[in-house]
Amino acid sequence: MSEQRFNIDVENINAEFCGSSTGYADERVLVSLERAQGFGKLKNLPKRLPVGCRRGGCGICRARILEGNYKRDPMSREYVTLEDEKEGLVLLCAIYPLSDLKVRLEPKCVKNVEANSQSLEI
Amino acid sequence: MALTGVLRPGFIQLRVLDMAASVEYYTKRIGFHVVTKGEDGRVYLKAADEFDHHSLVLRQADTAGLDLYAFKVRKDEDLDSFKKRIEDYGIEVDDVRAGEQPGIGRRISFVIESGHRIELYAQAEMSEPKPLIHNPDVWSVEPHGMRARRMDHALLYGPNIEKVLNFFVKVLDFECAERVDMPDGLLAIWLTAGMKAHDIAFVNHPEPGKFHHVAFELEDWKDVGNAADIITRYNISIDIGPTRHGITRGQTIYFFDPSGNRCEVFAGGYTYYPDHPTRTWDEKEIGRGIFYYERQLNDAFLSVVT
Ligand code: FES
Ligand SMILES: [Fe+2]
């Protein structure tokens with residue numbers, strides 16, 4: 001197991017700081033955020049951390065990388081187009097940190113955020 | 001023989017982001033076998049307990065999700081009569097030539113009002129491995145991985161579920177075994193062509209053509225426990241379970257394939273006869289209906305699809 005550890009800062013859609021997680025080079029960023037949430041370290045999320053398939057298919061964990069380097073697995077083009085990719089958008093479950101990271105949760109369609117958060121609160 | 005027309009689910013074609021990882025997952029973990037690879041790169045798989053050529057088709061793509069879901073009908077002539085009934089209903093029908101998928105005869109193909117492509121076919125060659133036929137042992141090759149016995153059913157998400165229900169019942173002669181009605185309308189339906197509690201299910205959802213899960217049948221609750229051990233041992237992404245559905249009574253785990261397509265292992269479920277009433281659920285008890293032990297939906301049930 002890799003001992004390479006990184007700090008991952010996360011912001012919500014309104015660019016408010018939510019907290020930090022400890023990331024590992026061999027671990028999906030989303031999984032490190034789930035652990036941080038479990039330890040009560042993520043605040044200011046309008047709802048719970050969006051976690052779905054953890055394999056780059058469902059798009060629910062879409063986010064913008066504000067700072068830092070990462071390595072990527074394949075992820076669905078339905079949620080991260082080539083243009084999105086150039087802008088630094090990713091699916092957090094399909095990237096691994098190569099440095100400290102700063103990320104901002106950014107669902108595909110901001111208009112859908114409300115609808116989404118309703119279904120997430122069931 | 002009382003079972004006529006549509007017999008049962010035949011095969012599902014899924015899009016995957018990484019073919020090598022997907023083949024390893026469906027063979028070593030789910031317990032399927034690769035039958036053959038097509039020239040276009042599609043990979044055809046089956047359970048050793050299924051006679052027909054394949055029940056799962058994987059296609060490399062840059063998105064995950066469902067390409068099509070196909071049912072087997074009893075006779076070749078059924079394809080002509082269903083084609084006419086579907087066209088009379090107002091849905092366009094495409095013909096797919098025999099051999100477009102190896103081992104499968106001609107198909108008719110159409111897109112229903114939820115945005116999903118559904119197909120019917122009558123003929124399939126058998127392929128190895130398959131169950132023994134004369135003096136049969138309980139299995140021909142030793143079950144491995146999660147020991148899946150067959151591709152069992154799928155749950156699809158899309159709009160116009162009222163219309164989908166009407167189409168499956170009136171045009172394809174399915175029965176509705178269970179349904180969920182919310183104060184603002186029909187939320188979900190479980191449909192059967194035979195005597196299983198369901199062969200296909202739909203949940204009302206604004207985006208058309210979405211895929212919730214494909215289910216693989218296991219022998220019993222003990223095999224569901226074995227599947228849970230495999231999910232943790234091989235770090236397979238878990239959604240929920242082991243648990244049970246109130247709807248269908250199936251014992252279950254939801255988890256994800258390497259491309260984020262949700263899979264289910266499913267054991268049990270009641271026997272449905274066409275004279276049985278449709279079982280109904282309402283908003284208050286829907287939690288128990290979907291996840292009988294948790295008694296509430298999890299975050300992902302209504303929002304995570306491919
Ligand atoms: S959780 Fe599904 S794409 Fe990340
Ligand atoms: Fe299911």
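The figures follow:
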{"quantity": "Within region B:227-283, tally of residues that are in contact with a Phe, Trp or Tyr (Cβ under 9 Å, 6 or more places away or on another chain) and in a strand (DSSP E or B)", "calculated": "20"}
{"quantity": "Qualifying residue in region B:228-247 (condition: among the charged types (D, E, K, R), within 14 Å of chain A (Cβ to nearest Cβ) and open to solvent by less than 10 Å² (accessible area, probe 1.4 Å))", "calculated": "no"}
{"quantity": "Enumeration of residues in region B:170-226 that are under 16 Å from the mean Cα position of the chain (by Cα), part of a loop (DSSP other than H, G, I, E, B) and acidic (Asp, Glu)", "calculated": "B:199"}
{"quantity": "Any hit, region A:53-60, residues being within 22 Å of residue B:260 (Cβ to Cβ), more than 14 Å from ligand 1 (Cβ to nearest atom) and part of a loop (DSSP other than H, G, I, E, B)", "calculated": "no"}
{"quantity": "Number of the exception - residue B:28 against (1) more than 14 Å from chain A (Cβ to nearest Cβ); (2) within 19 Å of the chain's Cα centre (by Cα)", "calculated": "(2)"}
{"quantity": "Number of the exception - residue A:107 against (1) at pLDDT below 95; (2) open to solvent by less than 60 Å² (accessible area, probe 1.4 Å); (3) in a loop (DSSP other than H, G, I, E, B); (4) more than 14 Å from chain B (Cβ to nearest Cβ)", "calculated": "(4)"}
{"quantity": "Options B:134, B:54, B:116; residue that is free of Cβ contacts under 8 Å to residues at least 60 places away in the same chain and on the phi < 0 side of the Ramachandran plot", "calculated": "B:134"}
{"quantity": "Flag for residue B:221 being over 22 Å from residue B:283 (Cβ atoms), open to solvent by 10 Å² or more (accessible area, probe 1.4 Å) and in contact (Cβ under 8 Å) with a residue 24 or more places away in the chain", "calculated": "yes"}
{"quantity": "Some residue of region B:294-302 being of a type in the set (A, V, I, L, M, F, W, C) and in contact with a His (Cβ under 9 Å, 6 or more places away or on another chain)", "calculated": "yes"}
{"quantity": "Filter result for residue B:293 (away from chain A (no Cβ under 13 Å) and within 19 Å of the chain's Cα centre (by Cα))", "calculated": "no"}
{"quantity": "Conditions (1) in contact with a His (Cβ under 8 Å, 6 or more places away or on another chain); (2) open to solvent by less than 40 Å² (accessible area, probe 1.4 Å); (3) at negative phi; number of the one not met by residue B:28", "calculated": "(2)"}
{"quantity": "Identity of the residue in region B:154-169, open to solvent by less than 20 Å² (accessible area, probe 1.4 Å) and either assigned by TED's automatic domain parsing to the domain that holds residue B:55 or not in a helix (DSSP H, G or I) (or both), that ends up farthest from ligand 2 (Cβ to nearest atom)", "calculated": "B:158"}
{"quantity": "Tabulated pairs, region B:75-90, first more than 16 Å from residue B:105 (Cβ to Cβ), second in a helix (DSSP H, G or I) and among the hydrophobic types (A, V, I, L, M, F, W, C), C-beta under 9 angstrom, 6+ apart or interchain", "calculated": "B:86/B:167; B:89/B:167"}
{"quantity": "Residues being assigned to a strand (DSSP E or B) and either open to solvent by 10 Å² or more (accessible area, probe 1.4 Å) or modelled with pLDDT of 95 or more (or both) - total across region A:11-20", "calculated": "3"}
{"quantity": "Top-ranked residue of region B:153-169 - restricted to ones that are more than 15 Å from the chain's Cα centre (by Cα) and among the aliphatic types (A, V, I, L, M), ranked as farthest from residue B:72 (Cα to Cα)", "calculated": "B:161"}
{"quantity": "Qualifying residue in region A:36-47 (condition: out of contact with any Leu (no Cβ under 9 Å at 6 or more places or on another chain), aromatic (Phe, Trp, Tyr) and either at pLDDT 95 or above or open to solvent by less than 60 Å² (accessible area, probe 1.4 Å) (or both))", "calculated": "no"}
{"quantity": "Test set (1) touching a strand residue (DSSP E or B) at 6+ places or on another chain (Cβ under 7 Å); (2) surrounded by 22 or more Cβ atoms within 10 Å (Cβ to Cβ) - residue B:7 fails condition number", "calculated": "(2)"}
{"quantity": "Residue B:299 vs. criteria within 13 Å of chain A (Cβ to nearest Cβ), surrounded by fewer than 24 Cβ atoms within 10 Å (Cβ to Cβ) and of a type in the set (Asp, Glu)", "calculated": "yes"}
{"quantity": "Which listed residue is at negative phi, touching a helix residue (DSSP H, G or I) at 6+ places or on another chain (Cβ under 9 Å) and either open to solvent by less than 10 Å² (accessible area, probe 1.4 Å) or within 16 Å of ligand 1 (Cβ to nearest atom) (or both), from B:187, B:172", "calculated": "B:172"}
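For (1) surrounded by fewer than 20 Cβ atoms within 10 Å (Cβ to Cβ); (2) over 12 Å from residue B:127 (Cβ atoms), each residue gets a yes or a no:
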| position | (1), (2) |
| --- | --- |
| B:34 | yes, no |
| B:40 | yes, yes |
| B:44 | no, no |
| B:51 | yes, no |
| B:60 | yes, yes |
| B:64 | no, yes |
| B:67 | yes, yes |
| B:70 | no, yes |
| B:77 | yes, yes |
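The values are calculated or read from the model by the stated rules, or taken from the named source; none is laboratory data. From a predicted model like this one, the values you see are computed outputs, not experimental measurements. As a convention, Cβ positions derive from the backbone with ideal geometry for all residues, glycine included, and neighbour counts pool all protein chains shown. For the accessible areas, the whole protein counts, side chains as well, though only heavy atoms, and no ligand, DNA or RNA atoms are used. Shrake-Rupley method; radii C 1.70, N 1.55, O 1.52, S 1.80 Å.
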